[in-house]
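Read-outs: derived from the displayed coordinates by stated rules, not from any lab. All figures in this text were calculated on a predicted structure; none of them were measured in a lab. Heads up, the Cβs are rebuilt from the backbone with ideal geometry, glycines too, and the neighbour counts pull from every protein chain shown.
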Amino acid sequence: MPDLEKIRDEIDSIDGQIQKLFERRMNLTGEVAEYKIATGKPVFDQDRENKKLECISESASSDFNAKGICEILRQTMSISRIRQYQMLAEHEDDLFSGYIQLEHLPVQEAQVIYQGLEGAYASEAAKKFFGKCVNTAHVGTWEEAIQIVSKKQADYAVLPIENSTAGIVQDIYDLILEYPVYIVGEQILPIEHELLGLPGADISDVRTVFSHPQALAQCKEYLKEHPDWEQRKLLNTAVAARKVADDKDIRQAAIASHSAGELFGLQRLEEKRLSTEKNSTRFIIISNQKYIVKNAEKISICFELPHKSGSLYHALSNLIYNDLNMTKIESRPIRDRNFEYRFFLDFEGNLSEPEVKNALIGIQNEADELYILGNY
Ligand SMILES: O=C(O)C(=O)C[C@]1(C(=O)O)C=C[C@@H](O)C=C1
């Protein structure tokens, strides 16, 4: 029978040698980094890595070992690149140029835009974030709201980005990249929908229910109990409430907020909940200024990667290696590039932290494009 202790002693001795070799190798890649900083040569050299992996796998004694040693080397080179990005980060300031550090967002006399009408959830989110005294105005579409802010005709816009039941608001992800706007805050709003009808109407009168597609999706389970109701999509929940009030047809109902019901003189037709108790929407606050408040603790970025095996893995390893906690990842298709995607990531951190800088420099160097959407 083999002697386990003896074998383990030998494994320990090999691991010690691997450690020493690893440290020697890292010192050498430090020298490579100095060369690259001086010459501007990119850190990532895919050709060099591929040749090395090919060569090493050819000289392995079995297919199993070939795969194993390639995996180890791939990781080693990934760590070597992360170390080089740390060194590069010490010489790089461009990524963060133009950001304005503030104690608090400037809100005095600020003009805040949202999509919909008074009574829309976005208007409640705006009041919750900015307080009741702020000047708000509403527009018909999310794109108009973003455009107005990007043209500096308003200071902020409040836009829904995701709902805990129905998921992300895809259009917002796509739109915020098209305009020079930055995320400067977020507001989570618990959403309690009501089924609203004309005064005197009864739930048995309802034939058509109007709402925003997201609200209909959030109430999907409830609406299954009424398969005979026609579901009609409108631009906003408050718009749906106004339509029911204007049309004066007892067969119509809207799914909207309590305040929209009060505003348009509608009555609640259903006592029970239309969506889950936890149903909440996260709104982002966008600005045309690169504001970062002092205690900002979340960073939103977007990047495109080369359409190659492992590229997302390598991009994310920059966060892992710098101990950064990713709180969200989404992919959205890139228009005109069939089945290629861009990634939207949220992670905890502040742009002033060295770990954040290191990770972003790493992602920037390996991604085709990197956009810092905001730190809030
Ligand atoms: O040889 C280089 O150019 C290095 O930066 C070193 C190294 C490595 O660790 O082997 C690291 C990154 C490159 O993508 C290729 C190779």
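Key figures
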quantity: Spin-label proximity, residue 102 to the range 153-193 - amide N less than 11 Å from point 7 Å beyond Cα toward beta carbon; calculated: 155-156, 184-185
quantity: Shape call, the range 196-268: gyration tensor on alpha carbons, a/c limit 1.5; calculated: oblate
quantity: Mean Cβ neighbour count within 10 Å, used as a protection proxy, ranking 204-215, 161-172, 112-123 highest first; calculated: 112-123, 204-215, 161-172
quantity: Helix-only CD estimate at 222 nm, as mean residue ellipticity for the chain, using -39500 (n - 2.57) per DSSP H run (n ≥ 4); calculated: -13000 deg cm²/dmol
quantity: Viscosity 1.306 mPa s, temperature 10 °C, Stokes-Einstein D of the range 146-198 from Kirkwood C-alpha radius, µm²/s; calculated: 121 µm²/s
quantity: Sorted by Cβ density within 10 Å, fewest first, the residues 302, 70, 133, 219; calculated: 133, 70, 302, 219
quantity: Descending Cα extents along the principal axes, the chain, whole Å; calculated: 86, 56, 42
quantity: Rg(Cα)/(2.2 N^0.38 Å) for the range 1-139, N = residue count; calculated: 1.94
quantity: Loop GluC sites (Glu not before Pro), the range 254-336, which have at most 15 other Cβ atoms in a 10 Å radius of their Cβ (DSSP); calculated: 271, 277, 297
quantity: Helix 354-366 axis, angle to the chain major axis (alpha carbon atoms, nearest 10°); calculated: 80 degrees
quantity: Listed residue (274, 110, 4) projecting farthest to the positive dipole end of the chain, Cβ model; calculated: 110
quantity: Entries in 152/298; 220/294; 127/233; 132/278; 127/243 that, when Cα-Cα distance is taken, lie over 30 Å; calculated: 220/294
quantity: Reachable lysines, given that their alpha-carbon falls under 25 Å from the alpha-carbon of residue 52 and they are not under 8 places away in the same chain; calculated: 20, 36, 41, 67, 308
quantity: Whole-Å distance, taken between Cα centres, linking the range 260-289 and the range 128-186; calculated: 17 Å
quantity: Net charge, residue 343 excluded, C-beta distance under 13 Å - Lys, Arg +1, Asp, Glu -1; calculated: -4
quantity: Nonlocal amide H pairs with residue 165, under 5 Å, H built at 1.01 Å; calculated: 280
quantity: On Cα atoms only, tilt of 4-39 relative to the major axis of the chain in degrees; calculated: 80 degrees
quantity: Residue (of 310, 50, 345) at the positive-pole extreme of the chain, dipole from beta-carbon charges; calculated: 345
quantity: The range 29-188, relative contact order [Cα under 8 Å, separation at least 6], %; calculated: 17 percent
quantity: Cα lying deepest toward the dipole's positive end in the chain, options 133, 176, 327, charges on Cβ; calculated: 133
quantity: Global form of the range 296-376, assessed from the alpha-carbon gyration tensor, a/c cut-off 1.5; calculated: prolate
quantity: Cα long-axis angle, helix 121-130 against the chain (0 to 90 degrees, to the nearest 10); calculated: 70 degrees
quantity: Point-to-point label distance, residue 153-residue 110, nm (Cα→Cβ direction, 7 Å offset); calculated: 2.0 nm
